[in-house]
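The values are calculated or read from the model by the stated rules, or taken from the named source; none is laboratory data. Small disclaimer: the values here were computed from a predicted structure and weren't measured. So basically every Cβ, Gly included, is an ideal-geometry build from the backbone, and we count neighbours across all protein chains shown. Surface areas here come from the heavy atoms of the whole protein model, side chains and all, with no ligands, DNA or RNA. Shrake-Rupley method; radii C 1.70, N 1.55, O 1.52, S 1.80 Å.
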Amino acid sequence: MEMLSTRGAAAVTPSRAILRGLAPDGGLYVPSEFPAFTAEEIAALVPMSYQERAYAVLSRFLPDFEEQELRGAIAGAYGTGFDCEAVAPMVRVGDRAHSLELWHGPTLAFKDMALQLLPYLLTLSGKKHGENREVFILVATSGDTGKAALEGFLDVPGTRCCVFYPDGGVSQAQRLQMVTTGGSNTHVIAVRGNFDDAQTGVKKIFSDPDFAAEMDRQGRVLSSANSINFGRLVPQIVYYFSAYADLLADGTVKMGDKVNFCVPTGNFGDILAADYAKKAGLPVGRLICASNENNVLADFIRTGEYDISGRAFYKTISPSMDILISSNLERLLFDLCGCDGAKVAQLMAQLKEERRYAITEEMHKELTARYAAGYVDEAGIREEIRRVWNEEHYLMDTHTAVASAVLRQYVEETGDTTPGVIVSTASPYKFGASVLEAILGSEAVEGKDDFACCDALSALTGTKQPAQISSLPTMPVRHSAVCERDAMAQAVIDAVK
Ligand SMILES: *Cc1c(COP(=O)(O)O)cnc(C)c1O
């Protein structure tokens with residue numbers, strides 16, 4: 001297995017792709033072929049721990065890593081930082097679905113699933129390729145990736161991590177989680193703009209030869225921890241296999257029965273990992289792409305047209321999905337057009353110039369055979385949280401609620417009786433104010449900050465508030481830099497001076 005660029009550049013090994021992040025032609029790395037798991041191999045996952053399941057899956061996608069390298073990385077990543085032994089537990093939601101909880105790691109969002117492992121994969125990749133410069137990770141975040149990256153790379157020798165977040169575009173708790181980060185190799189900078197501005201700015205820095213030359217003079221080499229890096233995507237494939245093994249174990253499915261996954265989607269990384277699991281042999285039915293009011297993806301899946309010209313950007317209560325340009329969609333396009341790098345490059349150029357593109361009818365047919373889509377507005381998110389808590393006694397955050405509501409719509413519209421899994425991406429306490437307001441109404445949060453809301457939520461529901469949240473108000477703020485969106489490169493240079 002090699003890694004191809006979605007825009008046609010020469011193939012490289014997985015470790016080289018992880019070290020680079022983005023391909024030199026601006027494309028994203030994708031596997032040239034997929035492992036083929038047999039029914040026996042999938043059934044063999046049932047009695048395994050999460051760590052053993054992770055090895056079984058990762059070893060097939062990362063053939064240039066040694067067994068003891070991978071096992072060591074997995075043990076380090078999915079150890080004491082997680083608050084439950086299952087790492088990614090499956091929880092029943094009434095009798096209509098399961099919830100795959102991906103937020104039991106140190107920063108309470110699903111980004112930990114990948115970003116706890118990525119630093120190991122990156123430093124191992126660096127060693128394999130004789131890289132002795134400091135690996136400098138640049139991240140654009142809509143809220144959750146930033147803290148997860150900072151936490152993953154914190155004081156990892158030979159690495160440095162700089163995070164850009166949209167000023168005013170993340171929750172109070174998200175901001176405090178980032179700006180209170182310690183360590184000697186972390187930087188956090190607010191950008192005056194939205195997430196797309198931050199992401200575009202980071203991509204620009206990556207393709208700027210002068211910036212690369214400056215970093216090289218400083219003994220540093222740039223890499224990415226955003227989900228454009230294959231090292232971010234590959235750990236996410238594991239939990240879909242793990243979820244299926246858990247459904248086999250509890251008798252919800254028999255080997256070979258299909259399962260639908262409904263995924264709250266932003267940059268399209270999480271749902272694409274499910275697609276990769278399916279391509280590797282996991283019995284997956286439909287992948288249901290759930291959007292909030294920024295519903296460009298839901299529209300794309302329905303119509304085959306990706307159009308952001310004249311589309312407003314909404315700030316919602318599920319901010320980690322507030323995105324117009326979904327980076328990982330490029331990987332799906334590459335797959336849909338039969339690995340035609342020139343075609344993908346043309347669509348991406350068109351998106352840049354005209355702010356829209358349309359895929360061919362043939363590509364759209366393949367897309368809708370694999371994916372369904374839906375979206376839910378702000379009132380719908382609140383209603384879903386309240387309803388699921390009241391009727392099913394399951395407490396969800398605002399992102400998970402998008403998936404829960406869209407799965408409900410999908411089942412109503414299609415009558416599909418395939419077992420459904422809601423992919424749960426954040427702890428309800430990470431968005432405590434919005435969750436409390438959804439259950440009790442706006443009077444309940446009036447005059448309260450995020451932390452008072454979390455206290456009230458805990459008292460109301462009898463669920464335990466994570467220490468990562470309750471300790472935040474008393475932690476010292478260590479990062480206060482702010483920059484304009486066209487001055488991000490200079491801000492990085494100033495930060496590492
Ligand atoms: C990042 C994130 C998402 C979106 O995931 P993508 O892989 O970007 O589609 C959804 N929910 C939460 C809580 C997130 O942090």
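Classify the stretch 231-282 from the C-alpha gyration tensor, please: rounded if a/c falls under 1.5, else prolate or oblate depending on whether a/b exceeds b/c.
Taking the square roots of the gyration eigenvalues as a ≥ b ≥ c, the stretch 231-282 is prolate.
Placing +1 on the Cβ of every Lys and Arg and -1 on the Cβ of every Asp and Glu, with nothing else charged, gives the chain a dipole about its Cα centre of roughly 740 debye. Summed over all non-identical Cα pairs, the Kirkwood treatment of the stretch 342-497 gives a radius of 19.6 Å.
Considering only Gly201, Leu122, Ala312, the residue lying farthest towards the positive end of the dipole of the chain is Leu122, judged by Cα position with unit charges set on Cβ. Here the stretch 1-63 is described by how far its Cα atoms reach on the three principal axes: 43, 20, 14 Å, from widest to narrowest.
Counting only helical runs of four or more DSSP H residues, what would the 222 nm mean residue ellipticity of the chain come to if each run contributes -39,500 (n - 2.57) and the total is spread over all its residues?
On the way: 22 runs with 227 residues, N = 497.
Using -39500 (n - 2.57) per qualifying helix, the result is -13500 deg cm²/dmol.
Can you give me the % of accessible surface on the chain that is carbon or sulfur? Probe 1.4 Å, all protein chains present, nothing else counted. It is 48 percent, rounded to a whole number. Using alpha carbon centroids, what distance separates the stretch 380-403 and the stretch 329-357, in Å? Their Cα centres are 35 Å away from one another. Cross-link partners for Lys315 among the lysines, with Cα-Cα distance under 26 Å and sequence neighbours closer than 8 places in the same chain left out: Lys111, Lys147, Lys203, Lys204, Lys352, Lys430, Lys448. From the Cα gyration tensor of the stretch 399-445, with a ≥ b ≥ c the square roots of its eigenvalues, which class applies: rounded if a/c is under 1.5, or else prolate if a/b is larger than b/c, or else oblate? In terms of gyration-tensor shape, oblate.
Overall, the stretch 325-460 carries a charge dipole of about 360 debye about its Cα centre when +1 sits on the Cβ of Lys and Arg and -1 on the Cβ of Asp and Glu, all other atoms neutral. Starting from the Cα gyration tensor of the stretch 413-490, take the square roots of the eigenvalues, sort them a ≥ b ≥ c, and report rounded, prolate or oblate (rounded when a/c is under 1.5, otherwise prolate if a/b is larger than b/c, else oblate). Verdict is oblate for the stretch 413-490. What you get for the stretch 185-307, charging only the Cβ of Lys and Arg (+1) and of Asp and Glu (-1), is a dipole of about 340 debye around the Cα centre. Each principal axis of the Cα cloud of the chain was taken in turn, and the coordinate range along them, longest first, works out to 60, 53, 49 Å.
R0 = 60 Å: FRET efficiency of Ala43 with Ala481, Cβ-based, nearest 0.05?
0.70
Dipole of the stretch 159-295 computed with +1 at Lys/Arg Cβ and -1 at Asp/Glu Cβ about the Cα centre; of Gly169, Ser223, Ile189, farthest Cα towards the positive end is Ser223. Computed with a 1.4 Å probe over protein heavy atoms only, the accessible area of Val91 comes to about 40 Å².
If you roll a 1.4 Å probe over the heavy atoms of the protein chains, what accessible area per residue do you get for the chain, in Å²? Write out the running numbers ahead of the final one.
On the way: 18320 Å² over 497 residues.
For the chain, the per-residue accessible area is 37 Å².
Taking amide hydrogens as placed 1.01 Å from N in the peptide plane, the amide H of Phe261 sits under 5 Å from those of Gly285, Arg286, Ile288, Val421, each at least 5 positions away in sequence or on another chain.
Between Gln218 and Gln350, the modelled label-to-label distance comes to 3.9 nm, taking each label 7 Å out from Cα in the direction of the beta carbon.
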